[in-house]
Amino acid sequence: MKKLFILFLILNIFSFASTITIAVATNVSYAIKELTASFTKLHPNIKVHTILGSSGKLTAQIEHHAPYGLFMSANMFYPYRLYKKGFAMGKPMVYAQGELALFSSKKRDFSLGLKLLTQKNIKRIAIANPKTAPYGEATKEALQKVKLYNLLKPKFVYAESISQTLSYARMATDMGIVAKSSLFSKQMKRYKRGIHWKEIDEKNYTSIAQGIVLLKNSKNKKKYQKFYDFILSNKAKDILLKYGYNIQ
């Protein structure tokens, strides 16, 4: 009888607790740990498992029925694509506005702005792939706006995601165009604004509105809804602000 009671108790615990799996654009990887930790405090019986990747690749996985219940994209294009194709529960919502920044692991004269990239000692520049990463698309737009894209193209080292772009910029290239949010992580604290990085003028590219959407191909829809509501809450907005995002 005692063994049966213990077994019953264990089964109840496992049925009560559950894990949700969410797809998250890599630019959010620096904030997602704090976001999920804060969510877990509010909902201790819901564990959050995150899959990180470029928005384009995550979208392709969802279209091939990957078991994700929620998608936090780096733009609105991919969530709307999923919505139009019938993969989403409803229209996507904007949860944050992302920004671009110039970054170098060495001290640079950032008063030159994007023209800094044309200097002869800047031989390799890390950027996210414009074909799969929304931040890469915004990077291309910003450089085209100031008529530097074609000139700088031979210097580009393409990364699959904006997260990988930062890694390249730190370790393998002279400079990079990265997500501003990545510069607020603990490992980046030693790099200072105006010395190692500076925001790119938002007038040079379309605002990077980042979208969140609930997906149809999921179980535990109520639990995914709770995480969705949390990301749109003031608590989550405060965390996202800490990581350099704009919140409307």
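Rule-based calculations on the coordinates, nothing more; no lab input. Note that the structure is a prediction, hence the values are computed from the model and not measured. Cβ coordinates were reconstructed from backbone atoms using ideal geometry, including for glycine residues, and neighbour counts include every protein chain displayed.
Details
- Counting only alpha carbon atoms, the long axis of helix 162-171 and the longest principal axis of the chain meet at about 50°.
- Here the Kirkwood formula, the inverse mean of 1/r across different C-alpha pairs, assigns the range 164-247 a hydrodynamic radius of 15.5 Å.
- When only the Cβ of Lys, Arg, Asp and Glu is charged (+1, +1, -1, -1), the dipole of the chain relative to its Cα centre reaches about 400 debye.
- Rounded to 10°, Cα long-axis angle of helix 134-145 versus longest principal axis of the chain: 20 degrees
- Cross-link pairs LYS84/LYS223; LYS147/LYS192; LYS85/LYS221; LYS106/LYS242; LYS41/LYS131; LYS47/LYS198 - those with Cα-Cα distance over 30 Å: LYS41/LYS131; LYS47/LYS198
- Test item: Cα-centred dipole of the range 99-204, Lys/Arg +1 and Asp/Glu -1 on Cβ, debye: 480 debye
- With distances taken between every two different alpha-carbon atoms, the chain has a Kirkwood hydrodynamic radius of 19.1 Å.
- Of TYR80, MET93, HIS43, farthest towards positive along the dipole that unit charges on Lys, Arg, Asp, Glu beta carbons give the chain: HIS43
- Taking a sphere under 14 Å around the Cβ of SER111 and counting the other residues whose Cβ falls inside, with K and R at +1 and D and E at -1, yields a net charge of +2.
- Working note: Karplus 6.51/-1.76/1.60 with θ = phi - 60° gives the range 44-60 the couplings x, 9, 10, 8, 10, 10, 9, 10, 9, x, 5, 4, x, 5, 5, 4, 4 Hz, where Gly and Pro are set to x.
- Chain lengthening between ILE247 and ASN45 when straightened (0.36 nm per residue, less Cα-Cα): 69.9 nm
- All-pairs alpha carbon distance profile, the range 99-204, 10 Å steps from 0, percent: 16, 57, 26, 1
- FRET efficiency, LEU112 to LYS153 (Cβ-Cβ, R0 25 Å, nearest 0.05): 0.85
- C-alpha long axis of helix 29-42 to longest principal axis of the chain, angle in °: 30 degrees
- Among PHE103, PHE230, TYR68 the positive-end extreme of the charge dipole of the chain (Cβ point charges): PHE103
- For the range 76-156, the set of trypsin sites (Lys or Arg not before Pro) satisfying both a DSSP loop assignment and a count of at most 14 other C-beta atoms within 10 Å is given as LYS85, LYS106, LYS107, LYS120, LYS123, LYS131, LYS147.
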